[in-house]
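These notes are about the structure you will find just below.
No value in this document is a laboratory result; all are computed from the given coordinates. Given the structure is predicted, the values throughout are model-derived calculations rather than measurements. With ideal geometry, Cβ positions are generated from the backbone for all residues, glycine too; neighbour counts draw on all protein chains shown.
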Amino acid sequence: MYKYNANNVKISAILLLGGIYFMANRLVTLCTCQWADLELDELCKLAKDMGYEGVELACWGNNVDINKALKDDSYVKYILDTLKKYDLKCKALATHIIGQCVGDAPDIRLNNFAPAELANDAKAIRAWGIDMMKKAALVAHKLGVKIITGFTGSPIWKYLYSFPQTTEQMVEEGFDEIVRLWTPILDEFKKYDVKFALEVHPGEIAFDYYSTQKLLSKFKDRPEFGLNFDPSHLIWQGITPHIFLNDFIDRVYHVHMKDAAVTLDGRSGILGSHIDFGDLRRGWNFRSLGHGQVNFEEIIRVLNMHGYDGPLSVEWEDSGMDRIMGATEAAAFVKRVDFKPSTIKFDEAIAN
């Protein structure tokens, strides 16, 4: 059985990265969506031990309780005190499963996200999602957080493959419905000076380059609405992540560091064959940082060119690797791959 030892794993991670530990240019944080089974104190201690400087806290499970934070200032103090105890910063809250309930078509899978008493009641689940997203803006304000990452859901994802035929009107109506549903939420975000960063992702209204372009045009007058850049959801679709990042950089409010590998072998398909993540028969899988095919150097160069100084948040997903070992190695990887831009022209020293 694998026994966790923070120091040993850190040393191993550094050795794997070439034996040299570099100071990162930007804050390296851990997205806790995959760690919401842990109580906040345990989570923060572990994050610190694994080498993280901050956390992107999930608003579900045992991490952050939105309703409790609204009603109980001592609970807000507990969150802030716990972060301070472990010398961690929180620059973003994650609301993915909540936001999904806002824009999704009726889907029994949402029963996994909403309170049990709302099960199978699509209207009530959507109302709950809208209400909770509004509340999240106030909770972020109370915690001094300016960014909320998450999903919007999509009423038209089921139309992805156009058979039966999907009309242009159906697509347009789907985008307009998202605008209608999210406008009152964004009004609350504006009120509290908080921005929403959509993670472009399959299952969302914006899942690739052109759907993102279309959605941002719909929200062109809403600076509260932007993007959480995550390259892992782009690379397997054939989209070059750093090109996407460069083209939409003015609306990128937060960055996820996450890797993926495409392993098409003549049998596997890009749509995954209804095979669970981690299974090697799949045509692609998420991988721990540095074990996939994302070119992170090009991503860092784009971020440097445009002056992005926000967090680099590790969303660790790799069903084939121990999560503590993998996330520890990932923190070291980000610190190694991130670098500061030059302040001089390299050839100035040889000029006349």
remark   = segment 323-352 and segment 24-98 have their Cα centres apart by a whole-number Å value of 26 Å
note = Here the percent of antiparallel bridges among DSSP beta bridges lying wholly in the chain, to the nearest 5, is 15 percent
inquiry  = Using 30 Å as the Cα-Cα cut-off, could you pick out the over-long pairs in LYS77/LYS134; LYS84/LYS123; LYS146/LYS258?
reply    = LYS84/LYS123
key: Relative counts (whole %) of C-alpha pair distances in segment 199-335, using bins that are 5 Å wide   = 2, 10, 19, 22, 20, 14, 9, 4, 1, 0
key: Residue of TYR209, TYR75, TYR253 that the Gaussian network model of the chain assigns the largest fluctuation, springs spanning Cα pairs under 10 Å   = TYR75
request  = Grab the eigenvalues of the alpha-carbon gyration tensor for segment 99-186, scale each by 5, take roots, and send me the semi-axes largest first in whole angstrom.
outcome  = 26, 17, 10
remark   = The orientation-averaged projected area of the Cα convex hull of segment 277-352, in nm², is 7.0 nm²
Binned Cα-Cα distance frequencies in segment 248-311 - 5 Å width, integer % = 4, 16, 21, 16, 14, 12, 11, 6, 1
task = Return the single residue from PHE277, PHE196, PHE229 with maximal mean-square fluctuation; model: Gaussian network over the chain, springs between Cα atoms under 10 Å.
result = PHE277
query = Under a no-solvent Debye model with one identical scatterer per Cα of segment 63-136, what's log10 I(q)/I(0) at q = 0.22 Å⁻¹?
reply = -0.94
task = Grab the Cα-Cα distance for LYS214 and ASP322, subtract it from 0.36 nm times how many residues apart they are, and report the gain in nm with one decimal.
result = 35.0 nm
request  = Set Lys and Arg Cβ to +1 and Asp and Glu Cβ to -1, take the dipole of the chain about its Cα centre, and tell me which of TYR192, ALA116, PRO164 lies farthest positive.
outcome  = TYR192
remark   = Non-local residues with an amide H under 5 Å from the amide H of LEU289, with H modelled 1.01 Å from N and Pro and chain starts lacking one, are ASP259
ask   = What is the magnitude of the charge dipole of the chain about its Cα centre, with +1 placed on the Cβ of each Lys and Arg, -1 on the Cβ of each Asp and Glu, and no other charges, expressed in debye to the nearest 20?
value = 560 debye
task = Past 22 Å, Cα to Cα, is the threshold; run LYS158/LYS220; LYS71/LYS191; LYS48/LYS68 against it and keep the listed order.
result = LYS158/LYS220; LYS48/LYS68
remark   = For segment 125-281, the Cα-Cα pair-distance distribution in 10 Å bins from 0, as whole percents, is 10, 36, 34, 17, 3, 0
task = Stick to the Cα atoms of segment 79-120, pair each with every other, and give me the Kirkwood hydrodynamic radius in Å at one decimal.
result = 12.7 Å
ask   = Which of GLU173, GLU53, GLU204 moves the most in a Gaussian network model of the chain with Cα springs under 10 Å?
value = GLU173
message = Show log10 I(q)/I(0) for segment 149-212 at q = 0.25, 0.26 Å⁻¹, two decimals, from a solvent-free Debye sum over equal Cα scatterers.
response = -1.13, -1.18
ask   = What does the helix-only formula give at 222 nm for the chain: each DSSP H stretch with n ≥ 4 adding -39500 (n - 2.57), the total divided by the residues, and the result rounded to the nearest 500 deg cm²/dmol?
value = -12500 deg cm²/dmol
ask   = Rounded to two decimals, what ratio of Rg to Rh does the chain give with C-alpha atoms and a Kirkwood Rh?
value = 0.97
key: q = 0.11, 0.15, 0.18, 0.19 Å⁻¹: log10 I(q)/I(0) that the Debye formula gives for segment 37-181, counting C-alpha atoms only   = -0.50, -0.81, -1.02, -1.09
query = What is the Cα convex hull volume of segment 99-141 when expressed per residue in Å³?
reply = 61 Å³
query = Just going by the charge dipole of the chain, with Lys and Arg at +1 and Asp and Glu at -1 on Cβ, which of ILE275, ALA47, LEU227 is farthest out on the positive end?
reply = ALA47
